[in-house]
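Since the structure comes first, as structure tokens, the remarks are kept for the end.
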């Protein structure tokens, strides 16, 4: 008989991850209009800098979270977060350099969704069920997001966008593993 706790660690975070994904998928048909008429005019002319700023603000929050882990965990966590930010900026200035501004949203959106998802599931050393459920959820939502766009007017399927969904989720997962107090990477200090 299996006496391990369930896969979900926090039903509130699980509901948040599902709601985040549902809103993202439900707004696919109106997203171009929202983007072109409401969001983009407010971000011009330095859209990429806004994305770097948003990524930096998220990273600062994660850095504060990682800092609270104490001296033993602080340096490795901050090093991973710096690498995540470096990869994020590298993707913005390489793969997404000549892409329309809305395409860059994939990295932030799926990074945040990964963080919320990993807060929802139980991630423990030696128990892979939670991370597998989280990864499956992110894979299904990221794939459904992009594949469904082939059937929506004014939207198209693009391999780069699918890559952005997966890359954003991977960066978000790495950041969560570095910063979260629920991460199995965090060493417990005993006195």
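Data overview
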read-out: Matching option when the condition is in contact with a strand residue (DSSP E or B) (Cβ under 7 Å, 6 or more places away or on another chain), buried (at least 17 other Cβ atoms within 10 Å of the Cβ) and in a helix (DSSP H, G or I), among 111, 130, 115; value: 130
read-out: Complete set of residues in the stretch 80-111 that are more than 30 Å from residue 27 (Cα to Cα) and touching a residue at least 40 places away in the same chain (Cβ under 8 Å); value: 80, 81, 83
read-out: Single match in 170, 180 (criterion: surrounded by fewer than 23 Cβ atoms within 10 Å (Cβ to Cβ), under 25 Å from residue 89 (Cβ atoms) and modelled with pLDDT of 95 or more); value: 170
read-out: Set 28, 40: member being surrounded by 11 or more Cβ atoms within 10 Å (Cβ to Cβ), in contact (Cβ under 8 Å) with a residue 12 or more places away in the chain, in a loop (DSSP other than H, G, I, E, B) and touching a helix residue (DSSP H, G or I) at 6+ places or on another chain (Cβ under 8 Å); value: 28
read-out: Sole residue being surrounded by fewer than 17 Cβ atoms within 10 Å (Cβ to Cβ), within 18 Å of the chain's Cα centre (by Cα) and within 30 Å of residue 125 (Cβ to Cβ), chosen from 19, 71; value: 19
read-out: Test: residue 35 is in contact with a helix residue (DSSP H, G or I) (Cβ under 6 Å, 6 or more places away or on another chain), in a helix (DSSP H, G or I) and under 23 Å from residue 160 (Cβ atoms); value: yes
read-out: Residue list for the stretch 43-60, restricted to those being exposed (fewer than 13 other Cβ atoms within 10 Å of the Cβ) and either part of a helix (DSSP H, G or I) or touching a helix residue (DSSP H, G or I) at 6+ places or on another chain (Cβ under 8 Å) (or both); value: 49, 53, 57, 60
read-out: Qualifying residue in the stretch 117-127 (condition: free of Cβ contacts under 8 Å to residues at least 40 places away in the same chain and out of contact with any helix residue (DSSP H, G or I) (no Cβ under 9 Å at 6 or more places or on another chain)); value: yes
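The values are calculated or read from the model by the stated rules, or taken from the named source; none is laboratory data. Here the structure is a predicted model, which means the values were calculated and not measured. Note: ideal-geometry Cβ built from the backbone for every residue, glycine included; neighbour counts use all protein chains shown.
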